[in-house]
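What follows is one structure encoded as structure tokens, with my remarks underneath.
The values are calculated or read from the model by the stated rules, or taken from the named source; none is laboratory data. Source: prediction; values computed, not measured. Cβ coordinates were reconstructed from backbone atoms using ideal geometry, including for glycine residues, and neighbour counts include every protein chain displayed.
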Amino acid sequence: MPRKGQVTTLCGQVLGDGSFEASEMPADCTNCIRRSRDQSRISSAFFEQEEGSELLRLSLEQARARRPAAKPGEKAAGAQAPRKPLLRVVPSPPAMPERVGELLTDGFRSSGQGVWTSQGGVIVRMAGKNRDQFDELVFDGSVIVRRDGAGVRVRAGDVEVRQSRDGFEVRLKR
């Protein structure tokens, strides 16, 4: 508690200089009692009152009280020999297939069921029962469409869509 100056209580009352006195008696304000259990509010109150060093001291006291100090050269009660590290085998993510229907996945990352994104920001959505048919291409930038024999070729960012006899082929154009 500051020795001089104004103080703001946990319930928000501002007490002027000389209108308060430190006491060991418990608080009798219902809001202050309830808010005294909220550590973030206590922390904020200390720093608002420029009592950050007091907060640090209290925090260190609490930490020391939680952990009993071991005497030098003596093993702590219940201490065990150091354990060997455990070897855990973490399953690797499923390998990305080289192709998903009409989409060549090299350079794409999966962004959900049937949705693939290129590094250039092109979004390709696949449809169909197995999400293996090209359905939609979304790109916020220039798109070039060219005639390619009897079909068309679309270039959006770093993705190219070519029409083939069997349908389409969607790939990253590098």
Quick one: which of Arg146, Arg125 is touching an Asp or Glu at 6+ places or on another chain (Cβ under 6 Å), at pLDDT 90 or above and in the same structural domain as Gly167 (by TED's automatic domain parsing)?
Arg125
Scan Ser43, Ser59, Ser111, Ser92 and give me the residue that is modelled with pLDDT under 90 and assigned by TED's automatic domain parsing to the domain that holds Asp158.
Ser111
Top-ranked residue in the range 124-174 [being in contact (Cβ under 8 Å) with a residue 12 or more places away in the chain and among the basic types (Lys, Arg); ranked as surrounded by the most Cβ atoms within 10 Å (Cβ to Cβ)]
Arg171
